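Q: Let me give you the structure first, and then I'll get to my questions.
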Amino acid sequence: MKKIFLEYLKNQLSQNEKLRSTNSISEEDKVVLDESIASLNETIQAIEALEDAAVSQEMVDELKSSLETLNETVQSIKEKLNQNKQEEPEMENITENYLKSQNAIHDFADAIRNTKKPEDFANNWAEVLKTNGITITQGSEEAFLPQAVLDTLTDIWDRESGWLNDLHFTGAKRFYCRYNTSDQTAETSRAKGWKSGSKATQTITVAGKLIEAQFIYKIMDLDNKTIWDNDENLINYVLEELVSQILYEIRTAVLVGDGRQDNDPYKIDKIEAIASHTTTDQWVTVSTETSNGFLMDDLKAMMLNLKKKEGRKVLVFMSETDLNTLERVQASETSTPVYMEKAYVEAQLGTNVEIITTDILGADYKAIAMIPAEYYMVGDSIFNPRMNQWEDFMQNTTYWRFETVCGGAVRGLKSASVLKANA
């Protein structure tokens, strides 16, 4: 039941996202679709967190009923667009057929080659589209990329983004986190029994922090002789290199920071590193591994420091070497060691735990645990990048710049934990 329902929800989500990207859709309808997409994402996350047996037909019927109003509104948007398509059928066919053609790939590569100033790329591509009978609104060039380019971007995103998908993307340019620093068990915070007469009021202390975004970019150069070799290879190489490196930098910045000094002009300083919390605070608990040689004991203690909400996924990052150590089981000194599956280790650490092996932590940290839904991101979606290109005629070299705007920080109290290596 769980698998079938998830397929239904993801199909609905895919349809709504495709509808949202339609160029002719109104701003009012975009707001409705954004609400529907957000609701579906929340439902998918909630269902994925449940055990198979917990997803009953009754629950499925109830959730479908709760989404019914939004679904009806989305259906009305589809009908309105279909009516418009009936009035202009030829334009739709021209656009779709061209963008799926090999000519579109070649023309897109030529638009890259023929761009001499960064700001001219969008105009050059718009002119190519216009030549092929497709007139678009300025600023919507990214919605009319060749299908092969979109497929490449999607493939790179799916392959490279990994656990970044689990973070909470707010869609806002900046986000102010407000939180209550009062202890839940303190008498001034607790709910109280009724009695006649005067009543005690709750006293809380409210604080906050601002999450802002910054531009994160990568510039690469390529010899012009190489550029002319092959259209598809050119596009694939440029997109692969630029997108994958930016995603790597963002993953690194979230966990341990980008490694640059604070006064370095290239420092990514709007993504708060979990490991930047060197001592325990309201957001992150910091501990150091003990010298008893039992890493699992330290990890179990680290997990107890998380303030987990029921059903929330927990990510635990560690080296592959340490995971191998945890998987290794030997009954006696003379017996042959065996290695358990990763799921066995994850189950020992708790429910809804996923271990991710990485070399990002280096020698300073044994493990980092986080509740990804409590790490908030602001700025652009990573899948909405900006690409510019220009040529240095003296060097016969072409440059590409790929950039996105994002920032992030731990938002949930006690939602992350760091286990330092014992020096």
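The values are calculated or read from the model by the stated rules, or taken from the named source; none is laboratory data. Every value quoted in this text rests on a predicted model; they were computed, and no experiment measured them. A quick note on method: Cβ atoms are made from the backbone with ideal geometry, for glycine too, and the neighbour counts reach across all protein chains shown.
Q: Among the residues of the range 335-357, count how many are touching a Ser or Thr at 6+ places or on another chain (Cβ under 9 Å) and either at pLDDT below 90 or under 18 Å from Val284 (Cβ atoms) (or both). Step through it out loud before you land on a result.
A: Let us first name the residues in the range 335-357 that are touching a Ser or Thr at 6+ places or on another chain (Cβ under 9 Å), namely 342, 357.
If we keep only those that are either at pLDDT below 90 or under 18 Å from Val284 (Cβ atoms) (or both) too, we end up with none.
Residues flagged as touching a Ser or Thr at 6+ places or on another chain (Cβ under 9 Å) and either at pLDDT below 90 or under 18 Å from Val284 (Cβ atoms) (or both) within the range 335-357 amount to 0.
Q: Taking only the range 266-324 into account, find how many residues are exposed (fewer than 14 other Cβ atoms within 10 Å of the Cβ) and either of a type in the set (Asp, Glu) or touching a Cys at 6+ places or on another chain (Cβ under 8 Å) (or both).
A: 4
Q: Might you check whether a residue that is at pLDDT 70 or above, under 18 Å from Thr252 (Cα atoms), surrounded by 15 or more Cβ atoms within 10 Å (Cβ to Cβ) and of a type in the set (A, V, I, L, M, F, W, C) occurs anywhere in the range 382-391?
A: no
Q: Kindly indicate whether any position in the range 25-45 is closer than 17 Å to Glu7 by Cβ and at pLDDT below 75.
A: no
Q: In the range 363-373, is there at least one residue being surrounded by fewer than 19 Cβ atoms within 10 Å (Cβ to Cβ) and either at pLDDT 90 or above or among the hydrophobic types (A, V, I, L, M, F, W, C) (or both)?
A: yes
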